[in-house]
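Read the figures in this text as sums done on the coordinates, not as results from a lab. This structure is a prediction, so every number in the text was calculated from the model and none was measured. Virtual Cβ from ideal backbone geometry, glycine too; neighbours counted across all protein chains shown.
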Amino acid sequence: MKLLNNSIIYNSQDIGEAVLKKIHYEGIQLGLNHIKFLHEDLLIHTLEVPILANSSVLNDIFMLVMMSMIIVNTINMGAQLDLEVLKEVFKRPIGPAVGFFCQFLMMPLLSFLVGYLITDDKLFRLGLFVLGCCPGGTGSNFWTLLLGGDINLSITMTFVSTVAALGMMPFWIFTMSPYLTDGDIVVPFSQLIISLMSLILPVVLGMWIRWRWPKAGGLMEKVIVPFTLLTVLFILTGGVYVNLFIFELMTPLMVAAGFVVAFSGYFAGAGLSYLFRLPTAQITAVSVETAFQNGSIAFVLLKMSFPEPLGELASVAPVAQLLITGLPLWGLLALLKIYQRCCKKKKEEYVGVPLDRV
């Protein structure tokens, strides 16, 4: 923050008449600043000054459009949930149980520990922890499908975690957030629960649409992937433009924190699944579902639940982690495709060898 007034002088008459004088300042970086008032080197008052983004109208439009797209996409996700498939998955509930344990015990604790050890920024700690408490998103279903994982288990875990988040997220945030913020930041739980319900109830609506109008459910199944990509593209373009200040606030240490949490999620999900002797396809589903959390829920919750600029400052953590989470999956997908092509080529060469040479 840069003060534009060189000085402000009060004489005895001004003080006696309680004259108001303006302080002019220019915000340089989003955040909270403090102006100290001194009298003969004695501190007499400290004024907290919030520095807000100057594109509030654009930000409001972006939030409205993003919320609408996320709600539509969540309805689409609910419409993909076939009750018969859910019943089949729950006949062998080890996979969903392992996934639930990873998502709502290991990830919250990992994000809490990483935030607490790596940085002293209380809002970043809180944002990272909120993301660690989030359920899986449709992005995890997309990647599970690409990597040859168990898509039915992935969709079931997404549904279970999304519904369970209505209770688990407030529980974790209520229990652990005071330790992250040292009580300096008040978490608005009533607003948090309202925001969370507005993002979870569409899942139930989508399931009802599929049950009531099966043809509509089939149509929604066709559009969910392109609409998900469109939502992500909108967030990565319009969201980056409107919230460019988030990247200016991001430090290498914050990116490192997101890196550690994301990779810990992959290894924790895969390791625990392996210990329970789950098939490879289910190990893939649990690992991706554990690490690939619904960052849009964290972003919207923080922006809607906290006043400016606290919500924006806390949103740095989800963005930092989401930048990292998908990177190893692109590399893994490339390796998988190379491996599959090599194996297919070797198999074709073997089939083509004459019997007298075998």
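Along the stretch 224-234 the Karplus relation, 6.51 cos²θ - 1.76 cosθ + 1.60 evaluated at θ = phi - 60°, assigns HN-Hα couplings of 5, 5, x, 5, 4, 5, 5, 5, 4, 4, 5 Hz to successive residues, with x for each Gly and Pro.
Given 20 °C and 1.002 mPa s, compute D for the stretch 56-342 with the Stokes-Einstein relation, Rh being the Kirkwood radius over Cα pairs; round to the nearest whole µm²/s. D = 113 µm²/s.
Across the stretch 307-340, the residues whose backbone nitrogen lies under 19 Å from the label position 7 Å along the beta-carbon direction of Leu147 are 321-340. Rounded to whole numbers, the Karplus 3J(HN,Hα) couplings from phi for the stretch 307-322 are x, 5, x, 4, x, 5, 5, 5, 6, 4, 5, x, 5, 4, 6, 5 Hz, using 6.51 cos²θ - 1.76 cosθ + 1.60 with θ = phi - 60°, and x at Gly and Pro.
Beyond 26 Å, how much of the Cα-Cα pair distribution for the stretch 181-325 remains, as a whole percent? Within the stretch 181-325, distances greater than 26 Å cover 42 percent of Cα pairs.
Can you work out the FRET efficiency for the pair Leu233 and Tyr116, with r the C-beta to C-beta distance and R0 = 41 Å, to the nearest 0.05?
Given R0 = 41 Å and the Cβ-Cβ separation, E is 0.75.
For the stretch 100-173, the Kirkwood estimate of the hydrodynamic radius, built from every pair of different alpha carbons, is 13.0 Å.
Where the centre of each part is set by its Cα atoms, how far does the stretch 215-232 sit from the stretch 89-126, in angstrom? Their Cα centres are 29 Å away from one another. Applying the Karplus relation 6.51 cos²θ - 1.76 cosθ + 1.60 with θ = phi - 60° to the stretch 249-266 yields 3J(HN,Hα) values of 7, 6, 10, x, 5, 5, 5, 4, 4, x, 4, 5, 5, 4, 5, 4, x, 4 Hz, where x marks Gly and Pro. Which links in Lys87/Lys122; Lys91/Lys215; Lys122/Lys337; Lys91/Lys222 stretch past 31 Å when you go from one Cα to the other? Violating the 31 Å Cα-Cα cut-off are Lys87/Lys122; Lys122/Lys337.
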